[in-house]
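Report on one structure; see the data block that follows.
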Amino acid sequence: MDYNDDAPKKGFTIGKLFKWLFAIIALSIFLLLVFRSCALEGMRDTAKTRKLLWNDVSLAAYKASPDNFSVARNTDESIMTPDGTITISGIRWIRNIGQLQLTIRYNNSLARTIRDTFSLDAEPQGEFLTFALRDDIGNLYTTFEYITDSAFIYNYRRLVFDGINLDGCAELKLEIYYTGYVDYDSTAAPLNTVLIYQSSQEFKDYTIKSDELPGGGVTPNLEKSRKWVKKEISESN
């Protein structure tokens, strides 16, 4: 006689259900985090902001002599600010016209950070960041052109600086300012300062992709940066 026939059968239980639900939820969260990490890393720029921009200077130079239009790139494809709030990517150096292009990416939460840092009543709106380039021999570049884009929780700005001279300088840094506090004479004014060029680490040649070639004119929606003038403090008698 097989006494096992009378043993209770183990089947579906509430305990098993909760174990399976917990396992499924844990796996889903893990996959979501992996996907989010990979997706956000791939969003350091957008299709619009990863391409070369064409302004009057670069377009004229390319049309005049496309064979002599030499483009180089930074060895680092992505550079993050020390506090992790801003990423710089797509650095391109057009040698023969002294033009530097780069893309800025920042999270929507940066507006809240600036509000708290500067004790503002509300989060800043619109273009609340501005940028400058400064080398180690005293040259400061504050004028640029740019386009804007956004995706998911990120905002993007691709910048074009003209008239950059790298001869004789060892370093070039990008300075990032909140527009409510721009003071080029104060080392404490920039929100972040990032090294983007070193003479000891030369740019590498970059081949312009077919979809980056200029079309009929300058890049659409190209805007000019605001001119910042230092406020003078008047003495009352």
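The values are calculated or read from the model by the stated rules, or taken from the named source; none is laboratory data. Computed from a predicted model, the values in this text were never measured in an experiment. Cβ placement follows ideal geometry from the backbone for every residue including glycine, while neighbour counts extend to all protein chains displayed.
Residue-wise test of (1) aliphatic (A, V, I, L, M); (2) within 15 Å of the chain's Cα centre (by Cα); (3) surrounded by 16 or more Cβ atoms within 10 Å (Cβ to Cβ).
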position	(1), (2), (3)
SER70	no, no, no
ASP83	no, yes, no
GLY90	no, yes, yes
GLN99	no, no, yes
ASP121	no, no, no
LEU140	yes, no, no
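Which one is nearest to ARG158 (Cα to Cα) among residues in segment 221-237 that are of a type in the set (Asp, Glu) and at pLDDT below 95?
The qualifying residue nearest to ARG158 (Cα to Cα) is GLU232.
Taking segment 50-83 as the search range and keeping residues that are in a helix (DSSP H, G or I) and of a type in the set (Asp, Glu), which one is nearest to SER109 (Cα to Cα)?
Step one: filter segment 50-83 for residues in a helix (DSSP H, G or I), giving 56-64, 66-68.
This time we only want the ones that are of a type in the set (Asp, Glu), so: 56, 67.
Working: ASP56: 34, ASP67: 44 Å.
Ranking the candidates gives ASP56 first.
Would you please list the contacts, defined by Cβ atoms under 9 Å and residues six or more apart or on different chains, that run from a residue in segment 108-121 that is touching a residue at least 40 places away in the same chain (Cβ under 8 Å) to a residue that is among the acidic types (Asp, Glu) and in a loop (DSSP other than H, G, I, E, B)?
Pairs found: ILE114/GLU123.
Among the residues of segment 207-220, is there at least one that is small (Gly, Ala, Ser), modelled with pLDDT of 95 or more, surrounded by fewer than 14 Cβ atoms within 10 Å (Cβ to Cβ) and more than 22 Å from ARG105 (Cα to Cα)? Before you say what the answer is, go through the steps one by one.
The initial filter retains those residues of segment 207-220 that are small (Gly, Ala, Ser), namely 210, 215-217.
Now narrow it down to the ones that are modelled with pLDDT of 95 or more: none.
Within segment 207-220 (the criterion being small (Gly, Ala, Ser), modelled with pLDDT of 95 or more, surrounded by fewer than 14 Cβ atoms within 10 Å (Cβ to Cβ) and more than 22 Å from ARG105 (Cα to Cα)), the answer is no, since none of the residues qualifies.
Give just the number: which of (1) surrounded by 17 or more Cβ atoms within 10 Å (Cβ to Cβ); (2) part of a loop (DSSP other than H, G, I, E, B) does TYR181 not satisfy?
Answer for TYR181: the failing condition is (1).
Take segment 208-224 and flag every residue that is outside any loop (DSSP other than H, G, I, E, B) and not acidic (Asp, Glu). Lay out the reasoning, then the answer.
First, pick out the residues of segment 208-224 that are outside any loop (DSSP other than H, G, I, E, B): 210-212, 223-224.
The answer is SER210, LYS224.
Within segment 12-49, can you find the residues that are in a loop (DSSP other than H, G, I, E, B) and either over 29 Å from ILE153 (Cα atoms) or at pLDDT below 55 (or both)?
Residues satisfying the conditions are PHE12, THR13, GLY42.
Looking only at segment 188-201, which residues are more than 20 Å from PHE144 (Cα to Cα), in a loop (DSSP other than H, G, I, E, B) and in contact with a strand residue (DSSP E or B) (Cβ under 8 Å, 6 or more places away or on another chain)? First the steps, then the outcome.
Taking segment 188-201 as the starting set, the residues that turn out to be more than 20 Å from PHE144 (Cα to Cα) are 188, 198-201.
Okay, now just the ones that are also in a loop (DSSP other than H, G, I, E, B), so 188, 199-200.
Of everything in segment 188-201, just one residue is more than 20 Å from PHE144 (Cα to Cα), in a loop (DSSP other than H, G, I, E, B) and in contact with a strand residue (DSSP E or B) (Cβ under 8 Å, 6 or more places away or on another chain), namely SER199.
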